[in-house]
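As structure tokens, the structure follows; a few thoughts come after it.
The values are calculated or read from the model by the stated rules, or taken from the named source; none is laboratory data. Predicted model only: the values in this text are computed from it and were never measured. Positions of Cβ are backbone-derived with ideal geometry, glycine not excepted, and every protein chain shown enters the neighbour counts. These accessible areas exclude ligands, DNA and RNA; they are computed on the full protein's heavy atoms, side chains included. Shrake-Rupley method; radii C 1.70, N 1.55, O 1.52, S 1.80 Å.
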Number of protein chains: 2
Amino acid sequence: MALKRVGAQTVDLPLRPAICGCAAVGGKMEGEGPLGGLLDQVFSDERCGQASFELAEKRLFLEAVHRAIKKAGLQTGDIQFLLGGDLLNQIITSAFSARELGIPFIGLYGACSTMAESLALSGMLLDGEHALRVVCAASSHFCTAERQYRFPLEFASQRSPTAQWTVTGAGAALVSLDERDTPLARISRVCMGRVVDLGVTDANNMGAAMAPAAADTLLSLLTDTHTTPDDYDLIVTGDLGQVGHDLLCQLMREQRMALDEKRYVDCGLVIYDREAQDVHAGGSGCGCSAVTLSAALLPRLASGDIGRMIFMATGALMSPTSSQQGESIPGIAHAVVLESPGRSA
Amino acid sequence: MALKRVGAQTVDLPLRPAICGCAAVGGKMEGEGPLGGLLDQVFSDERCGQASFELAEKRLFLEAVHRAIKKAGLQTGDIQFLLGGDLLNQIITSAFSARELGIPFIGLYGACSTMAESLALSGMLLDGEHALRVVCAASSHFCTAERQYRFPLEFASQRSPTAQWTVTGAGAALVSLDERDTPLARISRVCMGRVVDLGVTDANNMGAAMAPAAADTLLSLLTDTHTTPDDYDLIVTGDLGQVGHDLLCQLMREQRMALDEKRYVDCGLVIYDREAQDVHAGGSGCGCSAVTLSAALLPRLASGDIGRMIFMATGALMSPTSSQQGESIPGIAHAVVLESPGRSA
């Protein structure tokens with residue numbers, strides 16, 4: 001038995017499956033943000049030409065998947081599995097997209113950690129030679145999430161300073177073992193997270209709820225692999241926002257694994273201009289990290305500008321029902337180590 | 001590249017990961033049904049001693065997981081991943097259970113196909129040597145599902161003849177590569193399903209909505225592996241109920257792959273006494289196939305009474321929102337081939 005497990009939670013992927021195509025699409029606000037010029041498509045209409053916000057989110061999801069496959073020079077028939085999820089009840093965005101795509105579907109729910117969950121699972125499935133090519137995708141939409149998790153949009157509720165803005169967008173990544181596909185990045189390791197809950201109950205402060213899970217997974221990965229933050233050119237969290245970002249920095253300092261602020265970024269802080277776009281603590285949603293990864297990070301890995309990075313998306317695993325029943329908000333974080341294809345194993 | 005893929009959708013698992021522990025728990029009705037004597041625990045109180053139905057469902061989930069681990073002679077610290085899901089929005093049953101268990105959590109959403117989805121993924125993760133031991137679990141609760149998907153219980157709505165009864169129960173299975181663990185059954189192949197939708201819109205007729213997906217996956221598995229229904233001692237579907245059972249038989253006949261009714265059973269038709277327990281078309285819910293597998297099928301594989309079987313759970317991937325917006329109900333089915341441990345590879 002030659003187990004690929006390293007330490008308690010981290011798994012090595014000796015075959016280093018490659019991300020060979022990616023795409024990111026967003027809405028008007030995302031198009032006007034700092035990453036706007038890097039998006040494959042921007043929908044200026046919040047309904048994306050559809051009859052409902054839910055159908056609009058499906059449009060975003062499908063567009064990201066189709067473009068990722070096309071940019072890799074492939075067709076849907078070349079893909080064995082779709083691993084995806086979203087924030088809507090019963091992940092209808094992903095399920096109805098899978099209906100149109102016709103690709104065997106592995107439905108995931110990891111809240112905003114979904115893009116990392118899907119990449120980690122895909123990495124293991126390909127490293128085990130159980131598939132040749134799969135596609136990972138995640139989406140969110142401000143209007144579908146707001147009314148499902150918080151208030152009807154028409155209610156125009158006041159947002160608290162710690163609140164984050166759900167990204168309208170989707171990101172997709174094609175992961176392949178086929179040597180004919182051109183790698184943008186390779187997945188060398190994955191670390192699956194535990195559910196951590198320090199008792200935060202404020203549904204308008206997701207960053208604080210998720211930061212302890214982020215610290216838990218990051219420390220596990222570093223401990224398991226005998227590395228420190230300095231061994232990575234970049235450490236990226238999914239959507240902690242300003243509050244969660246600062247908390248994670250504090251938690252890591254306390255564990256004597258301080259993050260260098262020049263080499264640690266949170267997708268929720270780069271996808272919008274917080275001041276100019278009035279998004280309070282930053283961006284959030286499955287789409288936040290999925291879009292940032294596909295639009296801004298994978299191209300830098302492909303060019304060699306980033307040699308090795310940790311992509312760790314975080315999720316808040318509550319529901320309106322659990323909150324109404326007085327439960328606190330459990331967080332989770334899954335991480336993948338991504339390497340520039342030029343970097344030797 | 002020695003890909004383990006067989007045909008379009010089926011994957012071989014040469015290491016044949018073993019199910020080495022399982023447990024099934026249920027509510028009062030399940031305890032009074034035909035499988036009652038096989039359950040590890042029956043909760044006569046629909047709240048399982050908890051303050052809410054949601055907490056009761058979590059109690060069921062946790063009880064099944066703890067018992068499956070204990071029956072295998074192991075502890076939670078021996079388990080690398082928990083792969084699980086349930087029907088509640090944001091799969092809160094599984095997520096809050098994972099919080100208590102402390103096992104790294106891979107959250108799934110496959111509606112009532114979850115038990116097969118988790119076994120299939122676990123099979124691939126272990127066959128790829130990415131983990132030594134994982135636990136799969138799925139749960140449902142009549143009272144949490146009814147008020148989330150249909151009507152408040154107090155409304156006492158009339159049930160249509162095609163309606164199914166959501167099982168109150170949970171099943172868990174521990175999957176292992178460790179040769180010290182005693183196998184009850186082995187997972188030799190998996191087949192991941194596509195989303196299939198023939199346009200059924202009646203949320204009280206899930207069996208009809210899911211049967212086409214069941215036929216699609218079953219035909220893919222049989223075609224990919226050059227087998228026929230006669231090559232299996234038993235073919236088991238998850239929760240098609242009487243309507244879906246009959247439809248699947250018809251669809252398979254039309255494809256010249258007729259199912260022998262003595263060797264095809266649906267968990268929704270064995271977990272209750274349809275007439276005496278007044279459950280209309282049969283049982284349903286993630287717990288239906290999870291409980292039946294753990295209580296009734298795995299022991300028969302362990303004893304050699306069943307040599308080789310297909311376990312295929314089916315899910316209806318709609319949400320109340322998608323139904324209210326006029327969408328039809330997409331179905332999905334995932335299958336695993338289970339073999340008696342005495343059977344040679």
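Extension gain for the segment A:A258 to A:A156, taken as residue separation times 0.36 nm less the Cα-Cα distance, is 32.8 nm to one decimal. Between A:Q250 and A:E100, the FRET efficiency estimated from the beta carbon spacing at R0 = 45 angstrom works out to 0.50.
Accessible area per residue for the protein assembly as shown, computed on protein heavy atoms with a 1.4 Å probe, is 32 Å². For segment A:207-292, trypsin sites (Lys or Arg not before Pro) meeting the loop criterion (DSSP other than H, G, I, E, B) and having at most 11 other Cβ atoms within 10 Å: A:R256, A:K262. When the P(r) of segment A:4-49 is calculated, the portion above 17 Å amounts to 57% of the C-alpha pairs. Within the assembled protein chains, the solvent-accessible surface assigned to B:E261 is about 110 Å², based on a 1.4 Å probe. Net charge around A:S113, counting only other residues with Cβ within less than 13 Å of its Cβ (Lys, Arg = +1; Asp, Glu = -1)? Cβ neighbours under 13 Å give a net charge of -3. Here segment B:88-215 is treated with +1 on each Lys and Arg Cβ and -1 on each Asp and Glu Cβ, and its dipole about the Cα centre works out to around 160 debye. Think of segment B:247-336 as a dipole: +1 on every Lys or Arg Cβ, -1 on every Asp or Glu Cβ, centred on the Cα centre; then among B:A296, B:G285, B:T321, B:A296 lies furthest on the positive end. With label points defined 7 Å past Cα in the direction of Cβ, position A:D246 shows copy-to-copy spacings of 6.5 nm, given to one decimal and shortest first.
For the pair B:K70/A:Q50, report the inter-label distance in nm, with labels modelled 7 Å from Cα in the Cβ direction. Rounded to a tenth, the inter-label distance reads 4.6 nm.
For A:T201, the label point sits 7 Å beyond Cα toward Cβ; its separations from the matching points on the remaining copies run 4.3 nm, from shortest to longest. Where Lys and Arg each count +1 and Asp and Glu each count -1, what net charge lies around B:F155 among other residues with Cβ under 10 Å from its Cβ? Its environment carries a net charge of 0.
When only alpha carbons are used to place a centre, segment B:96-130 and segment B:13-41 end up 17 Å from one another.
Computed over chain A, the per-residue total of -39500 (n - 2.57) for DSSP H runs of n ≥ 4 gives a 222 nm mean residue ellipticity of -9500 deg cm²/dmol, rounded to 500. Across segment B:13-27, coupling constants 3J(HN,Hα) worked out from phi with the 6.51/-1.76/1.60 Karplus curve, θ = phi - 60°, read 10, x, 7, 6, x, 9, 8, 10, x, 7, 8, 9, 10, x, x Hz, and Gly and Pro carry x. Of the accessible area of the protein assembly as shown, computed with a 1.4 Å probe over protein heavy atoms only, carbon and sulfur atoms account for 47 percent.
Beyond 18 Å, the tail of the calculated P(r) for segment A:280-345 holds 53 percent of the Cα pairs.
Each copy carries a label point for A:P299 at 7 Å from Cα along the beta-carbon vector; from one copy to the others these points are 6.1 nm apart, nearest first. Hey, which aspartates and glutamates would be in cross-link range of B:K28, C-alpha to C-alpha under 15 Å, not counting anything within fewer than 8 residues on its own chain? Cα-Cα hits under 15 Å: B:D40, B:D45, B:E46, B:E57, B:D273, B:D278. As a calculated quantity, the FRET efficiency between A:S344 and B:R343 at R0 = 45 Å, using C-beta atoms, amounts to about 0.55. Label-to-label distance for A:D178 and A:K28 is 4.0 nm, based on points extended 7 Å past Cα in the beta-carbon direction. Computed from protein heavy atoms with a 1.4 Å probe, the total accessible area buried between A and B is close to 5100 Å².
At the listed q of 0.14, 0.15, 0.22, 0.23 Å⁻¹, the Debye profile of segment B:141-230, built from one uniform point per Cα, gives log10 I(q)/I(0) equal to -0.82, -0.89, -1.12, -1.15.
Find out how many positive minus negative residues lie around B:S344, taking Lys and Arg as positive, Asp and Glu as negative, among other residues whose Cβ is under 13 Å from that of B:S344. Combined, the nearby Lys, Arg, Asp and Glu give +3. Among chain A residues, the one whose Cβ is nearest the axis of the rotation from A to B, given with its distance rounded to whole Å, is A:G128, 1.
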